[in-house]
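Colleague: Before I ask anything, let me first share the structure, which is written out below as structure tokens.
Just so you know, all these numbers are worked out from the coordinates, no wet-lab data involved. Since this is a predicted model, take the numbers as computed values, not measurements. Neighbour counts are summed over all protein chains in view; Cβ atoms, including those assigned to glycine, are modelled from backbone coordinates with ideal geometry.
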Number of protein chains: 2
Amino acid sequence: MDRAALIADLSARFGPRAVITDRALIAPWLSDWRGRYHGAADAILAPATAREAAAMVAAAHAAGVALVPQGGNTSMVGGATPPEDGSALIISTRRMTSVRHIAADHAVAEAGVVLQTFHEAAAARGLRFPLTLGAKGSATLGGLASTNAGGTQVLRFGTMRSLVLGVEAVLPDGSMIDTIAPLRKDTRGYDLRHLLVGAEGTLGLITALSLRLIPAIGARTVAWAGVAGPADALALLRRMEAGGGEAIESFEIIPGDSLALVLAHVPGARSPLAGTHPWHVLIEAVSADAGDPPQAMVERLLSEALAAGLIADAAIAKSEAEAEAFWHLRDSLSAAERAAGPAVQHDIAVPVEAMPAFMVDAARAAEARFPGTHATAFGHLGDGNVHFHVRAAPGADAAAFHAGQAAEITRFVHDAVIAAGGTISAEHGIGQMKLAELARVEAPARLKALIAIKRAIDPLGLMNPGKLVPLAPGDIGP
Amino acid sequence: MDRAALIADLSARFGPRAVITDRALIAPWLSDWRGRYHGAADAILAPATAREAAAMVAAAHAAGVALVPQGGNTSMVGGATPPEDGSALIISTRRMTSVRHIAADHAVAEAGVVLQTFHEAAAARGLRFPLTLGAKGSATLGGLASTNAGGTQVLRFGTMRSLVLGVEAVLPDGSMIDTIAPLRKDTRGYDLRHLLVGAEGTLGLITALSLRLIPAIGARTVAWAGVAGPADALALLRRMEAGGGEAIESFEIIPGDSLALVLAHVPGARSPLAGTHPWHVLIEAVSADAGDPPQAMVERLLSEALAAGLIADAAIAKSEAEAEAFWHLRDSLSAAERAAGPAVQHDIAVPVEAMPAFMVDAARAAEARFPGTHATAFGHLGDGNVHFHVRAAPGADAAAFHAGQAAEITRFVHDAVIAAGGTISAEHGIGQMKLAELARVEAPARLKALIAIKRAIDPLGLMNPGKLVPLAPGDIGP
């Protein structure tokens with residue numbers, strides 16, 4: 001059966017809502033949200049249930065037609081964009097949006113549930129799903145799990161992987177894996193759950209998840225401090241962890257010049273501190289008890305840090321509105337950086353202890369190697385994960401920069417990351433964007449293992465072809 | 001090269017400490033510690049370094065000789081016992097016992113480090129590795145990771161899997177995977193770390209681990225309460241989590257009649273409560289601050305629970321010695337149960353919310369189906385993991401019971417577990433013991449995936465043959 005016959009067959013079986021062929025309706029889903037990757041697809045399959053999804057995948061498998069799983073289409077690496085040659089169909093989780101069940105410690109939700117909707121469903125029960133990120137209004141649970149997403153609240157509860165208690169998925173041949181029951185302990189063989197999490201849809205389609213929920217935040221204290229550099233920032237984090245235990249939920253680092261860009265870029269934005277500082281940190285501590293915010297603890301720890309010379313100044317948000325304003329400064333960093341000129345961005349991680357030196361040394365080395373550029377690193381210091389941006393020399397043409405120097409800069413940054421024992425993808429995934437770089441920097445034994453696993457679970461290469469696994473052309477595929 | 005030639009070759013290359021062929025020295029490592037499984041092996045390979053281990057595995061691979069990884073040999077499922085036919089050699093991590101590095105938030109340690117030694121190394125730095133279990137004096141980090149071990153402190157920090165930040169391992173062909181750098185975020189392809197954790201040595205040999213460390217406990221409060229049943233116990237846990245947040249580290253449930261066995265079995269043991277109760281719970285709460293134990297919080301929450309009728313009585317340990325005495329009662333359960341007569345034990349998990357009903361209903365059903373038996377469940381209620389024991393009718397012959405009724409009882413219990421969405425292995429693994437049961441109860445799609453992964457990474461079937469993956473005889477293998 002060819003692709004057209006498959007579409008006709010699925011249309012007849014599942015109806016027009018489940019098989020979208022209107023080009024105008026398909027078009028918005030053929031490119032990534034930043035407009036960097038463009039593909040083609042004759043249809044979007046939109047199963048209403050996991051069972052329908054399994055039937056569709058089985059039919060595509062029988063027909064030898066590739067499928068590209070898609071959630072909110074918020075990938076940072078072109079992970080949900082179909083191939084350009086139109087050989088694949090999109091399979092979207094948009095109609096699988098039910099929160100099936102909420103219990104005291106977990107919820108079972110379908111892959112197409114949008115993160116913000118899930119936050120609200122948990123909050124309505126006095127509970128919380130602790131992972132959050134900028135795209136929460138569009139990103140879906142299935143996509144977040146498939147990329148093992150991170151965000152700003154990873155310090156305490158981990159990435160998506162550590163919040164997934166169970167998975168329901170359709171494998172490439174259309175068979176279903178039902179390990180959706182939320183088990184806290186499970187040692188019956190290789191952990192397929194952890195193989196599907198972070199697989200970017202290349203081993204199957206996640207249709208539902210059991211996700212950990214925790215008690216809602218009772219009260220939070222948000223603080224801002226000026227520090228001399230990343231090493232002092234990390235020493236401050238260690239002090240706060242030792243004194244505040246698990247109460248510290250976020251610890252973000254922001255360069256002084258990036259803050260200046262934000263203050264210039266965001267109307268009405270004000271710095272939390274009176275003076276200027278080379279670096280800043282944003283700290284959030286929480287408590288379960290609404291009547292007992294961790295403010296006294298944060299104040300005490302910051303006072304001690306001030307006395308010890310670890311920080312130069314600090315401010316604690318006096319209201320929830322001010323806390324939001326602090327966070328808005330942090331959340332505006334990427335946009336402000338973008339507005340400042342063309343830049344090449346890197347989502348990288350190194351061991352936490354190695355991060356302070358890396359931030360300073362790698363930025364200095366990149367600027368020396370590429371004269372006129374400005375390198376800056378900001379973000380999740382406590383996770384060992386920063387967004388490392390290298391901005392083109394002032395006045396550079398964006399198109400020329402991206403077509404020319406950007407790739408060379410990326411290889412330079414990635415080499416530094418590998419030398420520091422790090423990863424070229426911390427929380428965005430590999431997708432299409434980092435495929436060549438993964439093949440370039442990864443150890444042969446690991447690459448061989450990735451390919452072996454892909455071949456084992458998807459021998460026909462039908463699930464999200466051209467993503468995550470650096471296969472030689474024609475290695476496997478429809 | 002045959003097995004004898006391989007041994008001679010490795011002896012010549014690595015010397016007598018690295019290749020043990022003295023039968024008297026090998027003998028203790030040919031059976032599991034409970035004496036249920038017995039194997040044969042002509043040599044124990046004991047590499048001193050990961051590099052030596054890789055060379056040995058490569059040589060065995062070239063010779064087509066199977067290897068059985070062994071740590072402390074404390075498997076509960078025969079996971080480290082070589083095959084009876086003597087076709088495999090043991091490869092032991094006993095000489096890889098270096099704690100390479102301890103930092104504020106993690107340590108890098110070799111696979112052969114014994115858990116208790118690792119606890120002590122962390123404690124000497126004011127830090128803590130939060131996982132603990134009965135075999136801590138023998139069990140090694142490599143074995144604990146390979147079985148994704150649990151224990152009594154999983155509630156807050158998770159099983160071994162969630163504590164592993166990095167892995168160094170030798171794959172079946174002798175190639176090395178070095179992802180030992182402790183990365184908090186990493187999305188570069190399928191997570192081989194999570195594939196090796198829990199793989200029971202069937203995909204390779206873990207040689208070193210990066211493991212999460214946390215600040216040492218400042219102070220703890222240990223409490224004991226009498227409850228009417230598992231449902232009230234779980235309601236108590238939820239209340240304590242809501243009121244005490246992450247402070248609650250352990251929550252163990254103990255049937256009243258099992259406690260009675262312990263009191264009769266352990267010289268000098270005393271019940272923490274004056275009266276008798278149908279069920280008991282042991283609770284541990286911790287704080288980071290040595291000067292500020294969570295006692296007031298625990299007292300308040302238990303008082304509220306008493307007022308609400310959730311518990312019948314409670315006691316808080318008045319000293320560290322009394323806290324230890326409370327824990328000793330819990331830790332003596334298995335021995336006391338064993339002393340009471342032959343029993344068949346099951347390490348099972350179901351979703352936490354389903355556990356109270358399961359504990360009561362499955363025990364009642366087992367006793368009805370097998371008249372004269374006594375079924376009891378105890379342990380990690382907060383993890384949804386209990387040890388489910390079915391004791392033979394009084395006066396039963398142990399050998400006859402294990403040879404006869406035990407297998408039927410196990411199938412009955414496992415069927416109930418599967419019906420409740422659970423797993424037949426919560427924290428002990430599959431090994432040899434549960435291989436047939438895994439094949440019997442597991443969904444075909446999952447079994448197929450397990451086998452495909454084994455074939456992909458170990459196509460010759462040389463790593464820990466006959467464990468974890470239910471392969472047909474002769475399916476793959478040397």
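Colleague: Which of the three applies to the stretch B:199-239, rounded, prolate or oblate, going by the alpha-carbon gyration tensor with a ≥ b ≥ c and a/c under 1.5 meaning rounded?
Modeller: Oblate.
Colleague: How would you rank B:Val417, B:Val266, going from fewest to most other Cβ atoms within 10 Å of each one's own Cβ?
Modeller: Ordered from fewest to most neighbouring Cβ atoms within 10 Å, B:Val417, B:Val266 come out as B:Val266, B:Val417.
Colleague: Of the DSSP beta bridges with both residues in chain A, give the percent that are antiparallel, rounding to the nearest 5. It would help to have the intermediate numbers written out before the result.
Modeller: Working: 60 of 68 bridges.
Bridges in chain A that DSSP calls antiparallel: roughly 90 percent.
Colleague: Hey, another quick one. Average projected area of the Cα convex hull of the stretch B:99-215, in nm²?
Modeller: Working: hull surface 27.4 nm².
With the hull built on Cα positions only, its mean projection is 6.8 nm².
Colleague: Treating the angle as unsigned and between 0 and 90°, give the value, to the nearest 10°, between the Cα long axis of helix B:355-369 and the longest Cα principal axis of chain B.
Modeller: 80 degrees
Colleague: For B:Arg364, place a label point 7 Å out from Cα along the Cα→Cβ vector, do the same in each other copy, and report the separations in nm, one decimal, smallest first.
Modeller: 7.2
Colleague: Let me ask you something else. If each residue's Cβ is checked for other Cβ atoms within 10 Å, how do B:Leu211, A:Leu133 rank with the fewest at the top?
Modeller: Numbers: B:Leu211 26, A:Leu133 18.
So the residues, fewest neighbours to most, are A:Leu133, B:Leu211.
Colleague: Specify whether the C-alpha gyration tensor of the stretch A:3-92 places it in the rounded, prolate or oblate class, a ≥ b ≥ c being the square roots of the eigenvalues: rounded for a/c under 1.5, otherwise prolate if a/b is larger than b/c and oblate if not. Could you put the intermediate results ahead of the total?
Modeller: Values: a/c = 1.75, a/b = 1.67, b/c = 1.05.
In terms of gyration-tensor shape, prolate.
Colleague: On to the next question. Answer with one residue from A:Gly137, A:Ala122, A:Ser210: the one whose Cα lies farthest towards the positive end of the charge dipole of the stretch A:99-215, charges on Cβ with Lys, Arg +1 and Asp, Glu -1.
Modeller: Value: A:Ala122.
Colleague: A follow-up question, please. Which of A:Lys454/B:Lys454; B:Lys136/B:Lys467; A:Lys434/B:Lys185; B:Lys136/B:Lys318 have a Cα-Cα distance over 18 Å?
Modeller: B:Lys136/B:Lys467; B:Lys136/B:Lys318
Colleague: Rounded to the nearest Å, what's the spacing between the alpha carbon centres of the stretch B:411-478 and the stretch B:16-93? Just the number, please.
Modeller: The stretch B:411-478 and the stretch B:16-93 have Cα centres separated by 21 Å.
Colleague: Report, for A:Trp33, each distance to the same residue's label point in the other copies, shortest first and in nm; define the point 7 Å along Cα→Cβ.
Modeller: Nearest to farthest, the other copies are at 5.1 nm.
Colleague: Any idea what % of Cα-Cα pairs in the stretch A:291-383 are farther than 24 Å?
Modeller: Everything past 24 Å amounts to 42 percent.
Colleague: In deg cm²/dmol and to the nearest 500, what is the mean residue ellipticity at 222 nm of chain B if only DSSP H runs of at least 4 residues count, each as -39500 (n - 2.57), divided by the residue total?
Modeller: -10500 deg cm²/dmol
Colleague: If only Cα atoms are counted, what is the Rg of the stretch A:357-466, and what is its Dmax, in Å?
Modeller: Values for the stretch A:357-466 (Cα only, Rg and Dmax): 16.3, 50 Å.
Colleague: Remind me, relative contact order of chain A in percent, using alpha carbon pairs under 8 angstrom and six or more residues apart?
Modeller: Reported relative contact order: 15 percent.
Colleague: Further, regarding this structure: Just to confirm the number: angle between the C-alpha axis of helix A:230-244 and the first principal axis of chain A, 0 to 90 degrees, nearest 10?
Modeller: That works out to roughly 90 degrees.
Colleague: So how tilted is helix A:3-14 from the main axis of chain A? Cα-based, degrees 0 to 90, rounded to 10.
Modeller: On a 0 to 90 degree scale, this one is about 90.
Colleague: To continue, here is another question. Between copies, how close do the B:Ser303 label points come, placed 7 Å along Cα→Cβ, listed in nm from shortest?
Modeller: Output for B:Ser303: 2.9 nm, nearest copy listed first.
Colleague: Take the Cα gyration tensor of the protein assembly as shown, multiply each eigenvalue by 5, square-root it, and list the three semi-axes largest first, rounded to whole angstrom.
Modeller: Working from the Cα gyration tensor, I get semi-axes of 43, 35, 29 Å.
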